[in-house]
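Presented below is the structure to which this report refers.
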Amino acid sequence: MTIVSLNVGQPRRVLHNGREVLTGIFKSPVPGPLMLHRLNLDGDRQADLENHGGKNKAIYAYPSEHYELWRRELPEMELPWSMFGENLTTEGLTEANACIGDQFRIGEALVKVAQPRIPCYKLGIRFGRDDIVKRFFASRRSGIYFSVVEEGLVHLGDSIELVQRDENRISIADVNRAYAESRDNSDLLRRIVSAEILPSGLQRDLQEELALISG
């Protein structure tokens, strides 16, 4: 597992549906190395700290393998690395093999898998099309948010090494499946909620969904 692109960006103001929006989703590849701090990479900043950023969304990784699938689905679009607003474009690390609470060594830094990405309208701003938000969610190709356990330098081409597997073995893919199709995955949803390993906001959302389908 490796880093194939390091991506950062500063918030910018753009027009969306006739109003001005501040967003940090526009990122660009950089050569690095970059220092990974507790809340972000050097040179990167989030615009909406209520819904983005924070310790459980310090850094966002998106699998390079997904790009080929999106390029087939959206052949009319240019899709360079960083298009999904990710800090790390990765190879070999996917939603299926990243479990909540797993710890990975990336360069000098140590990170922990925190949660999947739930897309918002700003992804539509980046793509210039509102339908991408629903398509992204339905695809379950969510990417992975990490918290930072130990700060350190991260280089382009660094390996991503699993150093500790969480005992619950609940993958990002499991959370995506339970979130998107809760009624068909009620046992999985119940297991995820019972484990209490998700950040409070997502934990609360899944608890409410479980209560709803349980009647």
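The values are calculated or read from the model by the stated rules, or taken from the named source; none is laboratory data. The structure presented is a predicted model; accordingly, all values stated were derived computationally and were not measured. Don't worry about glycine lacking a Cβ; one is built from the backbone with ideal geometry, like all the others, and counts go over all protein chains shown.
Side notes on the structure shown:
- Within segment 141-180, if we keep just the residues that are in a loop (DSSP other than H, G, I, E, B) and touching a helix residue (DSSP H, G or I) at 6+ places or on another chain (Cβ under 7 Å), the residue that is surrounded by the most Cβ atoms within 10 Å (Cβ to Cβ) turns out to be 142.
- Top-ranked residue in segment 181-215 [being in a loop (DSSP other than H, G, I, E, B) and not hydroxyl-bearing (Ser, Thr, Tyr); ranked as farthest from the chain's Cα centre (by Cα)]: 215
- Within this structure, residue 213 fails the test of being modelled with pLDDT of 95 or more and either of a type in the set (A, V, I, L, M, F, W, C) or in contact with a His (Cβ under 9 Å, 6 or more places away or on another chain) (or both).
This table checks each residue for (1) in contact with a strand residue (DSSP E or B) (Cβ under 6 Å, 6 or more places away or on another chain); (2) without any contact (Cβ under 8 Å) to a residue 12 or more places away in the chain.
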residue	(1), (2)
30	yes, no
46	no, no
68	no, yes
92	no, no
114	yes, no
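- Of the numbered criteria (1) in contact with a Lys or Arg (Cβ under 9 Å, 6 or more places away or on another chain); (2) without any contact (Cβ under 8 Å) to a residue 24 or more places away in the chain, the one residue 16 fails is (2).
- Qualifying positions in segment 12-35 - out of contact with any helix residue (DSSP H, G or I) (no Cβ under 8 Å at 6 or more places or on another chain), crowded, with 16+ Cβ neighbours inside 10 Å and assigned to a loop (DSSP other than H, G, I, E, B): 24, 27, 32, 33
- Among the residues examined, residue 67 does not qualify as of a type in the set (Ser, Thr, Tyr), at negative phi and assigned to a strand (DSSP E or B).
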